[in-house]
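One structure is given below, encoded as structure tokens.
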Amino acid sequence: MEQNYKKYIRRCIDLALNGKGHTKTNPMVGCVIVHNDQIIGEGFHEAYGGPHAEVNAIHAVQDSSLLKSSTLYVSLEPCAHTGKTPPCSDLIIEMQIPRVVIGSRDPNSLVAGKGIEKLKRANIEVIEGILSDECIAINNRFFTYHSKKRPYVILKWAESADGFLDIERVAETPIGPNWISNPISRMLVHKWRSEENAILVGTNTVKYDNPSLTTRYWPGNSPLRVVLDRKGILSHKLNVFSPNASTIVFSDKIQDKSYNVSYTEIDFDEKPLEQVLRHLWDHEVQSVIVEGGKMLLESFIQRGLWDEARIFRGSKLFRKGLAAPELPNQPFTVYFIANDQLLLFKNS
């Protein structure tokens, strides 16, 4: 029986991933309804504010009379509160579905076991914890946001084959990026940006690379641009202040807000990264990808404020320049993208 549970929860996970990049602060969730070992309905949470996976799966069942003798499988605990949509647990009870199999509990304090308790009070059999690690993994941003009270942090950089982030810059060095990774890798970065809520850089990255920090090479929304500019020295003519996306600047010098740029004052002498992450958490930013320079990246590493790192290692040799940060652990996966290596790390 447990193997059947795993089979159908695995299908829920596959369905859930169809919502990647579209659910915003909501988790990705998949649901299947099974009658006599046959799937009679399935669905996933397709978009933020839209029907949840359970609702879509129930509505996909052509013969609703079968629901009274079916099992509903769902990757995340059904909600028990009214948000943008009514509680899914109420619909399950209304349709008299006798058994519900759940991958993982919802860490959101608005749910957190309340959906399960509501189902049990209605005499519905509830089985939970099936492939829970896998169900949590697809929503690591959502779980980190609710359990650690901060966004999920991804560090990203590109380094030369001999371990440098950048060439040695002098006064005559032109402003702009010194590309290390190949065009395919750079396109992948834009895909990643479309999947995260925010992107964070420091003053020097904006000053010397003049990045746009948008998703120009990939369809999808550009993330919120987050800039640490302690002294407020960055010109509004720089690309990071373009109207293509919204920008928030953390500084100790507050300037007037423009239509797409806002300022937040923080104390840079008192755990500034924690202040920034707390502000983003307060504003429902669940994930941030850090594409800053050496000092900013090392600050996140030293503070332990990271969950994942993605490092491109190119084929160029710089021989001297700005040394790349070092991580305390080994990569868990290495991919080859043309002449680049992509090294993936987890903060354990």
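The values are calculated or read from the model by the stated rules, or taken from the named source; none is laboratory data. These figures come from a predicted structure and were not determined experimentally. In this analysis, Cβ positions are derived from the backbone assuming ideal geometry, glycine residues included, and neighbour counts consider all displayed protein chains.
What are the residues in the range 76-90 that are under 16 Å from K114 (Cα atoms) and either touching a residue at least 24 places away in the same chain (Cβ under 8 Å) or acidic (D, E) (or both), if any?
L76, E77, P78, C79, A80, H81, G83, P87, C88, S89, D90
Condition (residue is more than 14 Å from the chain's Cα centre (by Cα), among the small types (G, A, S) and at pLDDT 90 or above) applied to the range 165-174: is it met by at least one residue?
Taking the range 165-174 first, the residues more than 14 Å from the chain's Cα centre (by Cα) are 165-174.
Those still in the list that are among the small types (G, A, S) too: 171.
Checking which are at pLDDT 90 or above leaves us with none.
For the range 165-174, residues more than 14 Å from the chain's Cα centre (by Cα), among the small types (G, A, S) and at pLDDT 90 or above: absent.
If you go through the range 6-29, how many residues are under 16 Å from the mean Cα position of the chain (by Cα) and of a type in the set (D, E)?
0
Could you tell me which numbered condition Q286 fails, if it satisfies all but one of (1) surrounded by 20 or more Cβ atoms within 10 Å (Cβ to Cβ); (2) in contact with a helix residue (DSSP H, G or I) (Cβ under 6 Å, 6 or more places away or on another chain); (3) over 30 Å from Y335 (Cα atoms); (4) not charged (D, E, K, R)?
(3) is the only condition that Q286 fails.
Please verify whether I102 is free of Cβ contacts under 8 Å to residues at least 40 places away in the same chain and β-branched (V, I, T), treating the condition exactly as stated.
So I102 fits the description; yes.
Return yes when Y208 is in the same structural domain as N339 (by TED's automatic domain parsing), surrounded by fewer than 17 Cβ atoms within 10 Å (Cβ to Cβ) and either aromatic (F, W, Y) or not in a loop (DSSP other than H, G, I, E, B) (or both) and no when it is not.
Against the criterion (in the same structural domain as N339 (by TED's automatic domain parsing), surrounded by fewer than 17 Cβ atoms within 10 Å (Cβ to Cβ) and either aromatic (F, W, Y) or not in a loop (DSSP other than H, G, I, E, B) (or both)), Y208 does not qualify.
What are the residues in the range 262-294 that are among the hydrophobic types (A, V, I, L, M, F, W, C) and touching a residue at least 60 places away in the same chain (Cβ under 8 Å), if any?
Within the range 262-294, V276, L277, L280, W281, V285, V288, I289, V290 meet the criteria.
What is the residue count in the range 108-160 for residues that are surrounded by fewer than 18 Cβ atoms within 10 Å (Cβ to Cβ), of a type in the set (K, R) and in contact (Cβ under 8 Å) with a residue 24 or more places away in the chain? It would help to see each step written out before you state the result.
So in the range 108-160, the residues surrounded by fewer than 18 Cβ atoms within 10 Å (Cβ to Cβ) come out as 109-110, 112-113, 117, 120-123, 125-129, 132-134, 137, 140, 147-149.
Next, only the ones that are of a type in the set (K, R) stay: 120-121, 148-149.
Keeping just the survivors that are in contact (Cβ under 8 Å) with a residue 24 or more places away in the chain gives 149.
Residues that pass the stated criteria total 1.
For the structure I just gave you, tell me whether I93 is over 23 Å from K7 (Cα atoms), of a type in the set (V, I, T), out of contact with any Pro (no Cβ under 8 Å at 6 or more places or on another chain) and in contact (Cβ under 8 Å) with a residue 24 or more places away in the chain.
yes
If you check I102, I40, I13, which single one turns out to be surrounded by 23 or more Cβ atoms within 10 Å (Cβ to Cβ) and either β-branched (V, I, T) or assigned by TED's automatic domain parsing to the domain that holds P219 (or both)?
When all the criteria are applied, what remains is I102.
Determine whether E291 is surrounded by fewer than 15 Cβ atoms within 10 Å (Cβ to Cβ), modelled with pLDDT of 95 or more and within 21 Å of the chain's Cα centre (by Cα).
Judged against the criteria, E291 is not a match.
Which one of N140, N123 is at pLDDT 95 or above and more than 27 Å from V249 (Cα to Cα)?
Residue meeting the stated conditions: N123.
Within the range 312-348, can you find the residues that are under 25 Å from R169 (Cα atoms) and among the small types (G, A, S)?
G314, S315, G321, A323, A324 - these are the residues of the range 312-348 that are under 25 Å from R169 (Cα atoms) and among the small types (G, A, S).
Being over 13 Å from P151 (Cα atoms), under 25 Å from the mean Cα position of the chain (by Cα) and not in a helix (DSSP H, G or I), is that true of even one residue in the range 267-280?
Just the residues of the range 267-280 that are over 13 Å from P151 (Cα atoms), to begin with: 267-272.
Next cut, under 25 Å from the mean Cα position of the chain (by Cα) only: 271-272.
Within this subset, residues satisfying the condition of being not in a helix (DSSP H, G or I) are 271.
Within the range 267-280 (the criterion being over 13 Å from P151 (Cα atoms), under 25 Å from the mean Cα position of the chain (by Cα) and not in a helix (DSSP H, G or I)), the answer is yes, since at least one residue qualifies.
Quick test for you: out of F312, F345, F332, pick the one residue that is out of contact with any Asp or Glu (no Cβ under 9 Å at 6 or more places or on another chain) and among the aromatic types (F, W, Y). Give the steps one after another, and end with the answer.
Numbers: F312 fails: out of contact with any Asp or Glu (no Cβ under 9 Å at 6 or more places or on another chain); F345 fails: out of contact with any Asp or Glu (no Cβ under 9 Å at 6 or more places or on another chain).
Answer to the check: F332.
Here are some residues: D229, D252. Which one is in the same structural domain as G293 (by TED's automatic domain parsing) and either of a type in the set (A, V, I, L, M, F, W, C) or buried (at least 17 other Cβ atoms within 10 Å of the Cβ) (or both)?
One residue alone meets the criteria, D229.
Of all residues in the range 218-256, which are closer than 30 Å to I184 by Cβ, not polar (S, T, N, Q) and not in a strand (DSSP E or B)?
W218, P219, G220, P223, L238, V240, F241, P243, A245
Can you go through S194, S104, S132 and tell me which one is over 30 Å from A323 (Cβ atoms), of a type in the set (S, T, N, Q) and touching a helix residue (DSSP H, G or I) at 6+ places or on another chain (Cβ under 8 Å)? Before you say what the answer is, go through the steps one by one.
Working: S194 fails: touching a helix residue (DSSP H, G or I) at 6+ places or on another chain (Cβ under 8 Å); S132 fails: touching a helix residue (DSSP H, G or I) at 6+ places or on another chain (Cβ under 8 Å).
Residue meeting the stated conditions: S104.
State all residues of the range 195-252 that are hydrophobic (A, V, I, L, M, F, W, C) and more than 13 Å from Y263 (Cβ to Cβ); if no residue qualifies, say none.
A198, I199, L200, V201, V206, L213, W218, L224, I233, L238, V240, A245
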